[in-house]
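Asker: Let me give you the structure first, and then I'll get to my questions.
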Amino acid sequence: AILFFAMSGLSNISEMYEYSLSSYLEVFKKALETAKKDQILNNRLRNITLTLTTRVYDFTCMGIFERHKLMFSFQMTCMILDEAGELNHEEQEFFLKGNTSLEEISRKKPYGWMSANGWKDLQKLQSLGDKWKNIIDDVEHNGKQWFAWYNRENPEDYDLPNGYSKDLTKFQLLMVLRVFRTDRVYKVIKDFIIDHMGSDHYVKPPTLQFSNVYAQSTENTPIVFILSPGADPLADMYKLAEEK
């Protein structure tokens, strides 16, 4: 159910991304057929879950644009963590939306290297638990250390000033990067997905091959190709037909 709603939720991005329950059930059946057998029930269920997750990801990536594939993987990961009770909704809301308050920030931005949006978001971050309650004062009083961290090419690989890296989750690192270095968020989202999904498969979308299309389809389901200018799948279709 989690995987189906992660997939069907893509219609909020584009009207073209419409997935039916019947198409999902075909993927589900194939996962049951191909998942590794095991006489121990829990092992069998785990094998089915892993196979189904991989197949749903691969199936969905066949039908969405490249720029949306990591977004889908991130959403799928968050929904799985939410079901397991391991996702903090306040942190997720902050990461996705930042500080949505319409009120102006009365406290003056202390450094030119900080963006106005980042300074505004920092006010919100301070309210998200005891871990962050002193972060504004710490940034103001330790500007050199924070600037040195901010100015690194890959700050996510280095400890934050003032001991903030202690017990820092990958998602909380995403929150900090949202404030200071949004350009590094893309890379850490990949790390976050790999950490929780246990594989880099979900950040490396499969290349579109006709053998994969064939394996994910049935004789009763039409396949629609939406072509970019100059693309022509006909030769590959003939080749597949000869092979089969």
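The values are calculated or read from the model by the stated rules, or taken from the named source; none is laboratory data. Predicted model, so just to flag it, every value in this text is computed and none were measured. Counting neighbours? That spans all protein chains shown, and the Cβs are built from the backbone with ideal geometry, glycine included. Areas reflect the complete protein model, heavy atoms only, side chains present, ligands, DNA and RNA absent. Shrake-Rupley method; radii C 1.70, N 1.55, O 1.52, S 1.80 Å.
Asker: Enumerate the helices in the chain for which the Kyte-Doolittle hydropathy averages -1.0 or more and the C-alpha atoms extend at least 27 Å along the helix's axis, using complete DSSP H runs.
Answerer: For the chain, where a helix must reach 27 Å along its axis and average at least -1.0, the hits are 41-61.
Asker: Now, a different point. Normalised by the residues of the chain, what does the relative contact order come to in percent, with Cα pairs under 8 Å and at least six apart?
Answerer: On the way: 161 pairs, mean separation 44.4, N = 244.
The value is 18 percent.
Asker: Same structure again: Could you tell me what percent of the accessible area of segment 158-209 is made up of carbon and sulfur, with a 1.4 Å probe and every protein chain present?
Answerer: Carbon plus sulfur share of accessible area: 47 percent.
Asker: Tell me the net charge near K109. Cut-off is 11 Å between Cβ atoms, K109 excluded, with +1 for each Lys or Arg and -1 for each Asp or Glu.
Answerer: Values: positive: R107, K108, K120; negative: E140.
Taking every Cβ under 11 Å from that of K109, the sum is +2.
Asker: Just to confirm, what accessible area per residue do you get for the chain at 1.4 Å probe, in whole Å²?
Answerer: That works out to 62 Å² per residue.
Asker: Here is a further query. Explain nothing, just compute: Karplus ³J(HN,Hα) = 6.51 cos²θ - 1.76 cosθ + 1.60, θ = phi - 60°, for every residue of segment 213-227 in order, whole Hz, x for Gly and Pro.
Answerer: Karplus values, whole Hz, x for Gly and Pro: 4, 4, 5, 8, 10, 10, 6, 9, 10, x, 10, 10, 9, 9, 9.
Asker: For the chain, set up a GNM with springs between Cα atoms under 10 Å and report which of D38, D82, D200 has the largest fluctuation.
Answerer: D38
Asker: Let me ask you something else. Is there a pair in K69/K124; K97/K131; K108/K131; K124/K144; K124/K187 whose C-alpha atoms are over 25 Å apart, and which pairs would that be?
Answerer: K69/K124
Asker: Okay, next question. Could I have the simple spin-label model distance between A84 and D157, label points 7 Å from Cα toward Cβ, reported in nm to one decimal?
Answerer: It is 2.7 nm.
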